[in-house]
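For reference, the structure discussed in these notes is given below.
The values are calculated or read from the model by the stated rules, or taken from the named source; none is laboratory data. In this text the structure is predicted, and so the values were computed from the model without any measurement. No Cβ is skipped: glycine too gets one built from the backbone with ideal geometry, and neighbour counts run over all protein chains shown. Ligands, DNA and RNA are stripped out before the accessible areas are found, and what is left, the full protein with its side chains, is counted by its heavy atoms. Shrake-Rupley method; radii C 1.70, N 1.55, O 1.52, S 1.80 Å.
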Amino acid sequence: MDGAKNNAAAKATKAEAAKTEAAKTETTLVEIFTDGACKGNPGLGGWGAILRMNGAEKEIFGGEANTTNNRMEMQAVISALQSLTRSCNVVVHTDSQYVQKGISEWIHGWKARGWRTAAKEPVKNEDLWKILDKLAAQHKVDWRWVRGHSGHVENERADVLANRGVALASNPAKATT
């Protein structure tokens, strides 16, 4: 009899913890602003992201020696989502229609076709799309496209970070985070 009571109490505690975590997710809003850059395509590339929550900001960036602009646009979002420690409501601001449309529209068809395009070609950057899809599923994400290089303050800041990533890729000893 005591075992049944303890089991019921444990289930109730787990259910309450799940409700508390769900409430945190519903109230935690993280805004993410991303950009990618590439000097040559393919070539030296960089990505940058700004994460904002409750007035606090975090800037992150990185780079790769031989990459494409689309991969850097995707890596910016991936790295930002990877830095979140729990499920959140997220607004991703990107100047990449490739990222915004890819994750919110095209990916459903790609997955249904076994990661093939409508033309039956392999999806480019499948490795990153799979990572992004998995990360996005952990959050409630609103994907927003912004026009690049049009005076959007955070997009311009993310562009500066992405170019720091390019510098990092070209000379890792000189760039700092």
Practice task
For the stretch 87-97, take each phi angle, set θ = phi - 60°, evaluate the Karplus expression 6.51 cos²θ - 1.76 cosθ + 1.60, and give the result in whole Hz per residue in order, putting x for glycine and proline.
Solution key: 5, 9, 7, 10, 10, 9, 9, 9, 8, 9, 5
Handout entry: Average silhouette area of the stretch 40-141, convex hull of alpha-carbon atoms, in square nanometres
Key = 6.9
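Can you say what percent of the DSSP beta bridges in the stretch 36-162, counting only those with both residues inside, are antiparallel? Round to 5. Intermediate results must be reported in sequence, preceding the final value.
Working: 16 of 22 bridges.
The antiparallel proportion sits near 75 percent.
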Exercise for the section: Find the relative contact order for the stretch 51-177 and round it to a whole percent, using C-alpha pairs within less than 8 Å whose residues are 6+ positions apart. Expected result: 38
Problem - Farthest positive-ward along the stretch 21-95 dipole, Cα basis, beta-carbon charges - from Met74, Asn89, Phe33 - result: Met74
Fill in the blank from the handout: Quick calc, the stretch 100-143, dipole around Cα centre from Cβ unit charges on Lys, Arg (+) and Asp, Glu (-), nearest 20 debye, gives 140
Exercise for the section: Kindly report, to the nearest 10 Å², the accessible surface of Leu29 as traced by a 1.4 Å probe over protein heavy atoms only. Expected result: 90
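Would the stretch 91-177 count as rounded, prolate or oblate if I go by the C-alpha gyration tensor, calling it rounded below 1.5 in a/c and otherwise prolate when a/b exceeds b/c, oblate otherwise? Before the final figure, lay out each step's value.
Values: a/c = 2.21, a/b = 1.60, b/c = 1.38.
Judged from the Cα gyration tensor, the stretch 91-177 comes out prolate (a/c at least 1.5, a/b above b/c).
Take the residue pairs Lys101/Lys134; Lys39/Lys111; Lys39/Lys101; Lys120/Lys140; Lys58/Lys130 and return only those whose Cα atoms are more than 20 Å apart. Don't jump to the answer; show the numbers that get you there.
Working: Lys101/Lys134 16 Å; Lys39/Lys111 31 Å; Lys39/Lys101 24 Å; Lys120/Lys140 30 Å; Lys58/Lys130 25 Å.
Too far apart for the 20 Å limit: Lys39/Lys111; Lys39/Lys101; Lys120/Lys140; Lys58/Lys130.
Can you sort Ser83, Ser170, Ser96 by solvent-accessible area, 1.4 Å probe, largest first? The partial results should precede the final answer.
Working: Ser83 40, Ser170 70, Ser96 10 Å².
Ranked from most to least accessible, the order is Ser170, Ser83, Ser96.
Mind checking the full-extension length gain between Asn41 and Glu57? Use 0.36 nm per residue of separation minus the Cα-Cα distance, one decimal, nm. Please list the in-between numbers first.
Details: separation 16, 0.36 × 16 = 5.76 nm, distance 3.05 nm.
Roughly 2.7 nm would be gained on extension.
With a cap of 16 neighbouring Cβ atoms within 10 Å, and only residues DSSP puts in a loop, list the chymotrypsin sites (Phe, Trp or Tyr not before Pro) found in the stretch 29-136.
Of the chymotrypsin sites (Phe, Trp or Tyr not before Pro), the ones in loops of the stretch 29-136 whose Cβ has at most 16 other Cβ atoms within 10 Å are Trp115.
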Problem - Ala112-Asn66 FRET efficiency (beta carbon distance; Förster radius 45 Å; 0.05 resolution) - result: 0.90
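What relative contact order, as a whole-number percentage, does the stretch 43-121 give when Cα pairs under 8 Å and 6 or more residues apart are counted?
Details: 67 pairs, mean separation 18.2, N = 79.
Relative contact order for the stretch 43-121 comes out at 23 percent.
Within the accessible area of the stretch 82-151, what % is carbon and sulfur when the probe is 1.4 Å and the other protein chains stay in place? Can you show the working numbers first?
Details: 1990 of 4080 Å².
Using a 1.4 Å probe with all protein chains present, the stretch 82-151 comes out at 49 percent carbon and sulfur.
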